[in-house]
Amino acid sequence: MPKAGSGPTLDGAGIPMWLTLELTYRCPLHCPWCNNPLDLARYRDELDTGEWKRVLREARAMGALQLGFTGGEPTLRGDLEELVAEAEGLGYYSNLITSGIGLTPKRLARLKSLGLKQIQLSLQSSDRATTDDLVGAEAFERKLTIARAIKAEGFPMVLNVPLCRHNIDQTPDVLALAEEIGVDYMEFANIQYYNWALLNRAEFLPTRAQIERAEACIQAARARLGRAMTIYFVIPDYFDTRPKACMNGWGAIHLTIAPDGAALPCQEARVIEGLEFANVREHPLAWIWHESPAFNAFRGDGWMKDPCRSCDEREQDFGGCRCQAFLLTGDATNTDPVCDRSPHHHIVNSCVAAAEDPGRTAQPIIMRGPGAVSTAFTRPRR
């Protein structure tokens, strides 16, 4: 079973190859694993069109190539088309990462004409009830309609399915639906446990048997479909003995800009207490990437302590995920507890054991919504 995040190592040569623009945190769905904040009033002052264009220009000048428009739900921004056109003019390969809510065939045609290259659409299940329950809205039929419209418009399409205990056994049916739609790329991404997903971890973490059944089904589909559909399967890293090479290392190839202009090494980075992330409204992007304290906090291996510091694998996994280390141990400089060399590995083992317990009692999923629960769940959970 390959570990989450495994695959070819990419050397960004010191440039942010992958740029992600979180255009807004607003979203009509309430997915109970989402990492976006709920206190939207705090982030109401979103970058305007001109500011986003400046970010695009500065990142492209630094060498950024791949671009993802995401959110929240990026289609809620009325200037999405203008930003797509700007990205095309600058030479980006642009990807829209969307729930599909907010798209229409007419809007798809417009985005295609302006240079959008690819669309990643999320779908939670092949079943209407499961999808609608998981996202907290009537979304299934709209998602299917847009999926077919995306293909009709000729876009390369990624269908992203966030997997958890509640839908992983539907993998064969999801594959059949994707084949019928004509999906180009399938991404079965087991939920990774940060933020709201961490709150629901006890209910979402699948069993090893469920993961193995899904993986076997996907292997069979790969053999049958060949190049007709590329299928990715990302397991929860709790089921491995080595951590994922998160973002290919902190501040190595990936740069996220949040709706309020904060520049982040990854979309989860704000969970780490004590780090101040510079804002593109106040600093040039090149300075933020190369010089800012937050982006240099976990670059290289000087920040590491044992067992990472003396580990001969530290240049392969970079000590794992800094956000996960903080959330599970309270110290972002600790070895990711997924690693079986970590003194905190027992935290992950206990979670897996609880998921495997045949006598476990199912708990209600806590849906995302203002006031649903105290945000104290983002504090370290041991």
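The values are calculated or read from the model by the stated rules, or taken from the named source; none is laboratory data. None of the values given here were measured: they were computed from a predicted structure. Counting neighbours? That spans all protein chains shown, and the Cβs are built from the backbone with ideal geometry, glycine included. Protein only, heavy atoms only, side chains kept; ligands, DNA and RNA dropped before computing areas. Shrake-Rupley method; radii C 1.70, N 1.55, O 1.52, S 1.80 Å.
Looking at (1) in a loop (DSSP other than H, G, I, E, B); (2) under 20 Å from the mean Cα position of the chain (by Cα); (3) not small (Gly, Ala, Ser), find the lone condition where PHE326 falls short.
The single condition PHE326 does not satisfy is (1).
Among (1) modelled with pLDDT of 95 or more; (2) buried (at least 23 other Cβ atoms within 10 Å of the Cβ); (3) of a type outside the set (Asp, Glu); (4) within 23 Å of HIS166 (Cα to Cα), there is one condition PHE295 misses while meeting the rest; what is its number?
(4)
Which of the following residues is of a type in the set (Asp, Glu), open to solvent by 50 Å² or more (accessible area, probe 1.4 Å) and within 18 Å of PRO236 (Cβ to Cβ): GLU212, GLU203, GLU180?
Exactly one residue qualifies, and that residue is GLU212.
Exactly one condition in (1) modelled with pLDDT of 95 or more; (2) among the hydrophobic types (A, V, I, L, M, F, W, C); (3) open to solvent by 60 Å² or more (accessible area, probe 1.4 Å) is not met by ALA362; state its number.
Tallying (1) modelled with pLDDT of 95 or more; (2) among the hydrophobic types (A, V, I, L, M, F, W, C); (3) open to solvent by 60 Å² or more (accessible area, probe 1.4 Å), ALA362 fails exactly one: (1).
In the stretch 253-281, which residue that is small (Gly, Ala, Ser) and more than 17 Å from the chain's Cα centre (by Cα) is nearest to TRP52 (Cα to Cα)?
Among those that are small (Gly, Ala, Ser) and more than 17 Å from the chain's Cα centre (by Cα), it is GLY261.
Return yes when TYR193 is farther than 22 Å from LEU96 by Cβ and either among the polar types (S, T, N, Q) or within 21 Å of the chain's Cα centre (by Cα) (or both) and no when it is not.
yes
Residues that are over 25 Å from CYS323 (Cβ atoms): list the strands (runs of 3 or more DSSP E) wholly contained in the stretch 167-261 that include at least 1 such residues. Write out each step before concluding.
Numbers: elements: 185-190, 230-234, 254-257.
Hits in the stretch 167-261: 185-190, 230-234.
Please go through the stretch 41-79 and pick out each residue that is basic (Lys, Arg) and part of a strand (DSSP E or B). Can you show your working first?
Taking the stretch 41-79 and keeping what is basic (Lys, Arg), we get 42, 44, 53-54, 57, 60, 77.
Once the filter is applied, which keeps residues that are basic (Lys, Arg) and part of a strand (DSSP E or B), the stretch 41-79 yields nothing.
Scan the stretch 309-321 residue by residue and report those that are farther than 12 Å from ASN248 by Cα and open to solvent by less than 10 Å² (accessible area, probe 1.4 Å). Working first, answer last.
First pass over the stretch 309-321, keeping only residues farther than 12 Å from ASN248 by Cα: 309-313.
Those that are farther than 12 Å from ASN248 by Cα and open to solvent by less than 10 Å² (accessible area, probe 1.4 Å): none in the stretch 309-321.
Could you count how many residues in the stretch 235-262 are open to solvent by 10 Å² or more (accessible area, probe 1.4 Å), among the hydrophobic types (A, V, I, L, M, F, W, C) and out of contact with any Gly (no Cβ under 7 Å at 6 or more places or on another chain)?
3
Does PHE188 fit the bill of being of a type outside the set (Lys, Arg), touching a Lys or Arg at 6+ places or on another chain (Cβ under 7 Å) and surrounded by 22 or more Cβ atoms within 10 Å (Cβ to Cβ)?
no
For the stretch 288-314: of the residues being among the charged types (D, E, K, R) and assigned to a loop (DSSP other than H, G, I, E, B), which is farthest from PRO337 (Cα to Cα)?
ARG299
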